[in-house]
Amino acid sequence: MINLLVRATAPWILLICVLISVPARAQATFTPDENAWYGVVARSSGRSLDVTNASSEAGAATVQWEFTHANSQQWRFVPAAKGSDFYRIEARHSGKCLTLEKPDENAPLVQRPWTGSFYQQWKLVPSGPLGSFMLISRGNDKCAALAAADKFNGTPVVGQRVQNRATQQWKLFKLRLNVDPTQPGFGPPEPLLSLNTTTGNELQPVVTPDGNTLYFSRTRYSGNKEGVTESGDIWMSTSANNGRTWAPATRLDALNTTQNNGVMSVVREGRTLLVRGDYQRDGTFRDEGISRVEREATGKNVKPVAVEIANYYSAGPATSFYMTPDEQILLLSLERGDSQGANDLYVSRPTTDGLWTEPFNLGGVVNSPGFEFAPWLAPDGKTLYFSSYGHAGYGSADIFVTTRLDETWTRWTEPRNLGAPLNGPGFDAYLSLTADGKQAYYASSRTANGPADLFRTPTGVLPVADTSKPAAPEPVVPAVAARMLLTGRTLDAKTRQPLVTEVKIVRLDPNIIFNATARTDATGGSYQFSVPPGRYRLQATRAGYLTATDTVNMTGSRSVELALVPAAVGSSLELPTLIFAQGKYTLLPASYTELNRLARTLQDNPTVNIRLEGHTDNQGRADLNVKLSEDRVAEVKRYLVTRGVAETRISTVGYGGSKPRASNDREETRKLNRRVEFTIVK
């Protein structure tokens, strides 16, 4: 859970406030409960203090990592001596203490057995917003800080001189399982046997108001359009007896694409579906935002219309949505600049001009440092059900309920875990109630690593007392996937000499969260990662150079070389993953990852201006090729502007087929000429 902690004000700060006649707000001293465990979360990133690979070894380094309630992310603050305001900070998984390894600037923070050293004693000093603290070492007055201002899993935690930066400020979240067995709950879950498969995942059940049609998504299922992949297809089932039994499901291909598809809600008295993504007029699909489509539309009349949301964006593709049947409230699960950690829950309202307001964060009571998703709002407009990996639970994701206290949409009751039998050691999510409120549907995997199935359960019954569960949940340890070695070098693209860089790896497959950071050595520019099988994005960065990226599919150990282009005026870089519809300027979904990265790069370097240059092959009329290349770079510019890059920083030019970089004689080389590049002009 998230507790609002009240920060203390040191006497010397109070004295200064008196001297300069600035009124100070009274603040109570915060004293950690030495018998409780806390998540320690970086204010700048929302990621938690963790020990590398959850190691129990002495000397293991600390890093930031997405908050999942792992024992290596739980810390106890025990006074170093009776009455002392310095604490030893003890990791739950190992019993070892947070230790500043050396007095040097940017020295690593590690875990070591308690010896009483001043470098193992830490003071909580208020800094930044209410409830944020610096952790100050008694040994040299340096503070615990992130080595870099990013959100990547694996960024080291180090000791730095105090500068009151957000990367030096931490929030403490007391961890406890909030279950109230006296509240009305849910009855024994009943699996929907006619819909559940043995290997695929059945997710996000949405029932129509009459109770006779059920929409849901399937992933990793051989019967999907794309086969066994992580992208979901929409499936539909009907019932002749108000949901007591369901007919075998059919695939809703009128709405399915090669990307991730799903029905989010049913609105307008059951006449309209809210579906994920943006269906383009030319038949392409962008997994971004949501659209409306009439339920009864068939054939060419199936024309989903995008819902326009002001300043809509999310840092990742794992989004979810819910719209109330009267279309007055839209709830969103997104990762944005003001998110507490990973995805947070947001609200948006319709405006008189048909648009929707910019997503507004529901605040730090509902949203934890972890990942909140699958919101569902009851008809009273106040009772919110959602799923979370961040709030304390029994295993993987659990289902929670909270009540809105006023019209600000930021004041909520403490989220309550719905407990057994709804939540268990596996994945539990996507709860929604039928129109009469008597039944609930949800998705659950009853084991930590099993496939998710659909369940139905009666509402309004007292939950079964769960005496087998401890007061504080023990995390379920997933099976460890086989590892393989990814090695390589980072080089200057022009001189081919090794470079010292920071290399980050991000897993693209959503079944495992894996991000890590390495720093290459000075002699060979070498790096290495030990990773499970799957697809990854590599990114190498160094001051004075453009970022180099690559995507790798790890099926065995391999080596990948990354070449960085000097970031001088005139330096150019191709955007290799930009893909357009054949003969058109419409961007295909696979392009957005590259464009989002370019947008972030431009936002991180606000003084840099670029020129986008479009190229085609020599097939067809030259004038039409020039027009096509101009339209394509204009579309890339349009997208970058929607992601917050100032229009004045981007110029465009289309060269058509006049600047080939390979032969146009064969398709194998001709396709290399169909490209978009950018050149630094300032």
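The values are calculated or read from the model by the stated rules, or taken from the named source; none is laboratory data. Because the structure is a prediction, the values reported are computed rather than measured. When we count neighbours, we look across all protein chains shown, and the Cβ atoms used for this are built from the backbone with ideal geometry, even at glycine.
Take residues that are on the phi > 0 side of the Ramachandran plot and tell me which of the strands (runs of 3 or more DSSP E) falling wholly in segment 200-250 contain 1 or more.
Counting at least 1 such residues, we get 201-207.
Filter segment 252-266 down to residues that are small (Gly, Ala, Ser) and part of a loop (DSSP other than H, G, I, E, B) and give me whichever is farthest from the chain's Cα centre (by Cα).
ALA254
Please find, within segment 525-540, the residue that is farthest from ARG496 (Cα to Cα) out of those that are buried (at least 16 other Cβ atoms within 10 Å of the Cβ) and out of contact with any Leu (no Cβ under 8 Å at 6 or more places or on another chain).
Among them, the one singled out is PRO532.
I'm trying to understand the selection: among the residues of segment 300-321, which are without any contact (Cβ under 8 Å) to a residue 40 or more places away in the chain and outside any loop (DSSP other than H, G, I, E, B)?
Correct list: LYS300, ASN301, VAL305, ALA306.
So which of GLN204, GLN169, GLN183, GLN163 is polar (S, T, N, Q) and within 19 Å of SER48 (Cβ to Cβ)?
GLN169
Would you mention how many residues in segment 635-663 are hydrophobic (A, V, I, L, M, F, W, C) and farther than 16 Å from THR679 by Cβ?
The total comes to 3.
Tally the residues that are under 20 Å from LEU146 (Cβ atoms), touching a residue at least 24 places away in the same chain (Cβ under 8 Å) and over 32 Å from the mean Cα position of the chain (by Cα), restricting the search to segment 105-119.
0
Take the residues in segment 645-677 that are without any contact (Cβ under 8 Å) to a residue 60 or more places away in the chain and under 30 Å from GLY337 (Cβ atoms); name whichever of them is surrounded by the fewest Cβ atoms within 10 Å (Cβ to Cβ).
Result: THR648.
Tally the residues that are buried (at least 19 other Cβ atoms within 10 Å of the Cβ), at pLDDT 90 or above and among the charged types (D, E, K, R), restricting the search to segment 134-170.
Counting residues in segment 134-170 that are buried (at least 19 other Cβ atoms within 10 Å of the Cβ), at pLDDT 90 or above and among the charged types (D, E, K, R) gives 1.
Does LEU602 count as modelled with pLDDT under 80 and either in a strand (DSSP E or B) or of a type in the set (Gly, Ala, Ser) (or both)?
no
Can you name the number of the only condition in (1) under 30 Å from PHE371 (Cα atoms); (2) modelled with pLDDT of 75 or more that THR549 fails?
(2)
Yes or no: SER217 touching a Pro at 6+ places or on another chain (Cβ under 8 Å) and buried (at least 21 other Cβ atoms within 10 Å of the Cβ)?
For SER217, the condition - touching a Pro at 6+ places or on another chain (Cβ under 8 Å) and buried (at least 21 other Cβ atoms within 10 Å of the Cβ) - is not met.
Okay, residues lined up against (1) within 27 Å of LEU377 (Cα to Cα); (2) crowded, with 20+ Cβ neighbours inside 10 Å; (3) in contact with a strand residue (DSSP E or B) (Cβ under 7 Å, 6 or more places away or on another chain); (4) β-branched (Val, Ile, Thr):
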{"residue": "ASN224", "(1), (2), (3), (4)": "no, yes, yes, no"}
{"residue": "VAL228", "(1), (2), (3), (4)": "no, no, no, yes"}
{"residue": "ASP253", "(1), (2), (3), (4)": "no, no, no, no"}
{"residue": "VAL263", "(1), (2), (3), (4)": "yes, yes, yes, yes"}
{"residue": "ARG268", "(1), (2), (3), (4)": "yes, no, no, no"}
{"residue": "LEU274", "(1), (2), (3), (4)": "yes, yes, yes, no"}
{"residue": "ARG281", "(1), (2), (3), (4)": "no, no, no, no"}
{"residue": "THR298", "(1), (2), (3), (4)": "no, no, no, yes"}
{"residue": "THR319", "(1), (2), (3), (4)": "yes, yes, yes, yes"}
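Kindly evaluate GLY128 against the criterion of being touching a helix residue (DSSP H, G or I) at 6+ places or on another chain (Cβ under 6 Å), part of a loop (DSSP other than H, G, I, E, B) and within 27 Å of TYR87 (Cβ to Cβ).
no
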